[in-house]
Amino acid sequence: MPSPLPEKFSAAQTCPLSLPHQAPNQGAVKAEPRTEPRVTGGKPKLLVVDDDDEICTQMKWALGPDYEVLLAGDRPGALAAFKEHRPAVVLLDLGLPPCPATPKEGFEVLSHILGENHSSKAIIISGQSEKQTALRAVGAGAYDFLTKPIQVEELKIILKRTFHVAGLEKNYRELQQQVSPDAFEGMLGTSPAMQQVFTAIRKVATTDASVLLLGESGTGKERAAVAIHARSMRKAGPFVPINCSAIPESLLESELFGHEKGAFTGAHVQRKGRIEAAAGGTLFLDEIGELPTFLQAKLLRFLQEQSFERVGGRQPVTVDARVIAATNVDLEKAISEGRFREDLYYRLAVVVLHLPPLRERQNDIHYLAEEFLRRSAAESGKKGLAFSRDALRALQEHSWLGNVRELENRVKRAVIMAETKYLNAHDLELENVAKTTPGFSLKEARESVEREMIERALRKHGGRIAPAASELNISRPTLYELMGKLGITRPERAERV
Ligand SMILES: Nc1ncnc2c1ncn2[C@@H]1O[C@H](COP(=O)(O)OP(=O)(O)OP(=O)(O)O)[C@@H](O)[C@H]1O
Ligand SMILES: [Mg+2]
């Protein structure tokens, strides 16, 4: 048995580490250098912070078979070891040099460790008379405390349990990152492509750089813009979206930049625009490709100088707003055709982020569908709904031109209409896909795709023929003709898929 060891910050108490039958020559194991912890093997890492060589030696001897025991004898050594090795659990004696008779240094170590990683587990080692101090340490975030003399069996059990809890918490965090709906600001996606998007958003969010979000309709550009704002230092400020294609050209300038009283007929009072509304926050310019050329110059000036004049105004207004823009049109083509200013493009596209279409992240389809089903079922009080096998197959094989929005809406509709426990391809209105088996004629396949695309374009544009035809790159008469041939009627005006 080792001899009783002096206690450090209580004069009267002694605090031996009680080890079972230690062989005489094993006591000769040399303590690790205090500031350069060494590790061995691939076992869980345990950092022991104690300035008493003998306790450290005994810890190493008793715990070495189960853990990689890292040793440190003072605050700098402990912090360096923690930073380098990231142990899940730390055994911490509070009385450390240069003032081992007080718990001051130990508390410093504790607060640094928790500051670096709030989920790390610190177990305080204390003498009988320092119980109050140890409890204070638990109040400050320590996981547990042990009173000297430490029984090695008791220590082993506590360590085993602590590592177990640390492991469970780690798994839980990783799982949450992957699958929780809130894993990334409400954005779902387990595919590598989406994980890359999340990583890029994390990086870009902390800067003030302008971001251009590219991606097909319904891929989550607006979601991504919201996520960037929510992760930025401007998150307490406003997030102000403006859809450049939804506002008539004649009103867009005043909507964006505001106007002075009397600027035009009907301007009875001064009105601030969306840019001013976004002061201190983020301005989201959606469908930027639709911004008329005469406004592109004015926006460019704002991006360069952070100032502009309201319509009818002479005084420059200065606004600090971060700009995020999005488009699903090919801006480079628009530039080459003279419809979009190249200098504005480069101002907006300091960072370009591509939102991948669903077809490029097949792994996400079932996951998203299940999550939307779970949410919609909960909202409508229909518990226990599930997809049938043909529904799962149809989901996987559908072309998803409307991407996540289309998937979400199809699932929502199916849940509302569901009459049985299993949702099938018919409920999802994906029967055509389910039918795409060998034997399905080329003519039928073509008509099925045509129907699908036309219906989607019409739904997207609220039943308006001109924008739907333009999206499909066909003339209005051709669209009418195809609708007649395929028996398609115009959908309700407000509906969008
Ligand atoms: N990764 C995602 N996780 C969960 N929901 C998503 C995700 N991406 C998109 N959505 C949902 O899909 C719908 C469309 O998303 P959003 O409006 O951001 O797309 P968009 O790219 O801006 O589309 P559009 O080009 O048509 O404006 C929204 O209801 C949004 O909540
Ligand atoms: Mg959008």
- Signed unit charges on C-beta, dipole axis of the chain, positive-most listed residue Val350, Val48, Ile288: Ile288
- Query: Hey, what's the chain come to in accessible area per residue, 1.4 Å probe, Å²?
  - Reply: 50
- Calculated FRET value between Glu153 and Lys235, using beta carbons and R₀ = 45 Å, to 0.05: 0.35
- Note on the structure: In degrees, nearest 10, the alpha-carbon axis of helix 221-230 is tilted away from the dominant principal axis of the alpha carbons of the chain by 40
- Size descriptor, Kirkwood hydrodynamic radius, that averages inverse alpha-carbon separations across region 278-319, Å: 11.4
- Starting from the amide H of Lys43, placed 1.01 Å from N in the peptide plane, find each other amide H under 5 Å away whose residue is 5 or more places distant or on another chain. Glu68
- Item | Mean shadow area of region 247-395, taken as a quarter of the surface of its Cα convex hull (nm²) | 13.5
- Of Ala140, Ala81, Ile124, farthest towards positive along the dipole that unit charges on Lys, Arg, Asp, Glu beta carbons give the chain: Ala140
- Out of residues 5 or more away from Val48 or on other chains, whose amide H comes under 5 Å of its own, with H placed 1.01 Å from N in the peptide plane? Leu70, Leu71, Ala72, Leu91
- Item | Dipole magnitude of the chain, debye to nearest 20 (Cβ charges: Lys/Arg +1, Asp/Glu -1, about Cα centre) | 840
- Given charges of +1 on the Cβ of Lys and Arg and -1 on the Cβ of Asp and Glu, with all other atoms neutral, how large is the dipole of region 206-330 about its Cα centre, in debye to the nearest 20? 480
- Query: Helix 442-460 versus the longest principal axis of the chain: what is the Cα-based angle in degrees, 0 to 90, to the nearest 10?
  - Reply: 80
- Query: How far, in nm, would the chain grow between Glu370 and Arg314 when pulled straight, counting 0.36 nm per residue and subtracting the alpha carbon separation?
  - Reply: 14.6 nm
- Query: Calculated FRET efficiency, Lys170 and His85, Cβ-Cβ r, R0 25 Å, to nearest 0.05?
  - Reply: 0.95
- Surface share of carbon and sulfur [accessible, 1.4 angstrom probe, percent] for region 228-360: 48
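May I ask you to compute the full-extension gain from Ala246 to Ala445, defined as 0.36 nm times their residue separation minus their alpha-carbon distance, rounded to one decimal in nm?
Result: 68.2 nm gained on full extension.
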- Mean residue ellipticity (222 nm) of the chain, computed from DSSP H runs ≥ 4 via -39,500 (n - 2.57), nearest 500: -13500 deg cm²/dmol
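On full extension of the chain, what length is gained from Ile474 through Glu54, given 0.36 nm per residue of separation minus the C-alpha to C-alpha distance?
Between Ile474 and Glu54, full extension yields 142.7 nm more.
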- So, in nm, how far is label Glu116 from label Glu360 when the simple model puts each one 7 Å beyond its Cα toward the Cβ? 3.9
- Item | Helix 53-63 vs. the chain, principal-axis angle (Cα, 0 to 90°, nearest 10) | 60
- Note on the structure: Share of Cα-Cα pairs in the chain beyond 35 Å, whole percent, is 56
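The values are calculated or read from the model by the stated rules, or taken from the named source; none is laboratory data. Note that the structure is predicted; figures quoted are calculated from it, not measured. Don't worry about glycine lacking a Cβ; one is built from the backbone with ideal geometry, like all the others, and counts go over all protein chains shown. Calculation scope for accessible area: heavy atoms of the full protein, side chains included, ligands and nucleic acids excluded. Shrake-Rupley method; radii C 1.70, N 1.55, O 1.52, S 1.80 Å.
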